[in-house]
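To keep things clear, I will list the structure first and then write my remarks on it.
Quick note: the coordinates plus some simple rules give every number you see, no bench work behind them. These figures come from a predicted structure and were not determined experimentally. In this analysis, Cβ positions are derived from the backbone assuming ideal geometry, glycine residues included, and neighbour counts consider all displayed protein chains.
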Amino acid sequence: MPNPRSRITEGVVTRFAPAPTGYLHLGHVLNAIYVWEAARTSGPGGRVLLRIEDHDRARSRPEFEAALLEDLAWLGFAADGEVTRQSERGQLYARMLDDLRSRGLTYACECSRGDIGAGPYSGTCRDKHLAESEALGIRVRMGPAIERFDDLRLGPQEQRPSEQCGDLLARDRHGNWTYQFAVVVDDWLQDVNLVVRGEDLLDSTGRQLQLGRLLGRQRPPAFLHHELLMKSPTQKLSKSDGDTGVRDLRAKGWSAEAVIARATSLAGLSRDQLSLKRV
Ligand SMILES: [Zn+2]
């Protein structure tokens, strides 16, 4: 993997951040390999934070969280410091939103998912001046800036969040903080300086950079987007394919080393490309 030390001179602070909406699968394992590798090879200041992304209160379940933590420990991935949970950080998110609101950067939105459809949000409620209420979402105004960043694996990137996604939903009509909002606040407040995630999330990097800047983050984190595990060159590996769940493989008698080796080989990585340094 690319060496983050070339870009981050102090120790790498990164995070492993699963959502407790299912069990750990090989895709998570590949992400964990990259995350721990980046932190452990970055010298004494390297840290991995463990964050449970349970911002979606309807889909998150404590039994999934318990299973995620247990499987992670079984695999040998130990995080630094306490586990944080997005469900316990609502006040922080609210304070951040208050700050944006006080600068005129937010507005209430009454659109449902059905109203908006698949494309970017067109800004229907931007100038409606709706009074905020529990039943309305809250959006952050995105500017026309072009966001540029140098991905540690994919190289220089250029994105236009205002065209790609439009004004960003911070809190939805059911009172849930959105993934994008919570993750940007958390990465900033937790001093995360390297975000390691699958390349299916590449497109959301620009909006995260812009939101971070609007919130007041002065130095953005670096990004490393890794490959996704594939069933074939065009098909993503999914849970429904079977044989991808860490629990299932454990039940079949696989060792932690074998599970990690499986994730590495499915990604097409050799030991030379990714020397595994486990804690
Ligand atoms: Zn709207």
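How long are the semi-axes of the ellipsoid equivalent to the stretch 97-252, from square roots of 5 times the Cα gyration tensor eigenvalues, in whole Å, largest first?
Details: eigenvalues 187, 84, 50 Å².
Equivalent ellipsoid semi-axes, largest first: 31, 20, 16 Å.
What stretch of the chain, leaving out the sites themselves, is the longest with no GluC sites (Glu not before Pro) in a DSSP loop having at most 12 other Cβ atoms within 10 Å?
Result for the longest clean stretch: 135-279.
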Ratio Rg/Rh, restricted to the chain and using Cα atoms, in which Rh is the Kirkwood radius: 0.97
Provide, for q = 0.15, 0.18 Å⁻¹, the log10 of I(q)/I(0) from a solvent-free Debye sum over equal Cα point scatterers in the stretch 1-107. -0.75, -0.94
Got a sec? Charge dipole of the stretch 1-149, +1 on Cβ for Lys and Arg, -1 for Asp and Glu; which of Ala135, His55, Ser122 is way out at the positive end? Ser122
Run the Debye formula on the Cα coordinates of the stretch 56-119, all scatterers equal and no solvent, and tell me log10 I(q)/I(0) at q = 0.15, 0.23 1/Å. -0.81, -1.05
Just to check, using Stokes-Einstein with a Kirkwood Rh over alpha carbon pairs, what's the diffusion coefficient of the stretch 52-177 at 20 °C and 1.002 mPa s in µm²/s? 124
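Restricting to lysine pairs 8 or more places apart or on different chains, what number in the chain have Cα atoms under 25 Å apart? List each step's numbers first, then the result.
Values: Lys231/Lys239; Lys231/Lys252; Lys236/Lys252; Lys239/Lys252.
So the count works out to 4.
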Along the chain, longest interval not containing exposed trypsin sites (Lys or Arg not before Pro), exposed being DSSP loop plus at most 13 other Cβ atoms within 10 Å: 129-251
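How high is the relative contact order of the chain, in percent, counting Cα pairs under 8 Å that sit 6 or more residues apart? Walk me through the intermediate numbers first.
On the way: 462 pairs, mean separation 63.8, N = 279.
The value is 23 percent.
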